[in-house]
1. Tally time: how many residues in the range 71-96 are outside any loop (DSSP other than H, G, I, E, B), closer than 12 Å to residue 38 by Cβ and hydroxyl-bearing (Ser, Thr, Tyr)?
2. Pull up the range 53-73, narrow it to residues that are under 11 Å from the mean Cα position of the chain (by Cα) and among the aliphatic types (A, V, I, L, M), then point me to the one that is farthest from residue 92 (Cα to Cα).
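Rule-based calculations on the coordinates, nothing more; no lab input. Just so it is clear, the structure is predicted and the values come from calculations on it, not from any experiment. Counting neighbours? That spans all protein chains shown, and the Cβs are built from the backbone with ideal geometry, glycine included.
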Amino acid sequence: MPRAQFRDTVLLRTPNGTVIVPQSASAAIYDVGTTNPITDTLYADHSSGITLSNPIPIGADGAIQFWTTLEREMDVVVTTPGYASVRATGLTHAALNTAATWQAP
């Protein structure tokens, strides 16, 4: 069964207007509207058994990327030193969703 992927990119606008990739940033994954970390396993890719901790580090290119077993809705909270945290609700998406596997948190 294909895993469901979440991918987004984090960029910061500095006070002088320059857009940069944040350094030392992380993304915490929560059940929607809560401070409860999701209980789903976060995988590093679509097929291996490599798992990620929660929160996950932001990539050097600003990417947030992980997979879950099933499609689901979650909140992603990005934190980086010197800036306010940002919270956004998102979905993981499976490449093939013929089994209607989306689940509410």
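1. Summing the residues that are outside any loop (DSSP other than H, G, I, E, B), closer than 12 Å to residue 38 by Cβ and hydroxyl-bearing (Ser, Thr, Tyr) in the range 71-96 gives 0.
2. If we take residues in the range 53-73 being under 11 Å from the mean Cα position of the chain (by Cα) and among the aliphatic types (A, V, I, L, M), then 58 is farthest from residue 92 (Cα to Cα).
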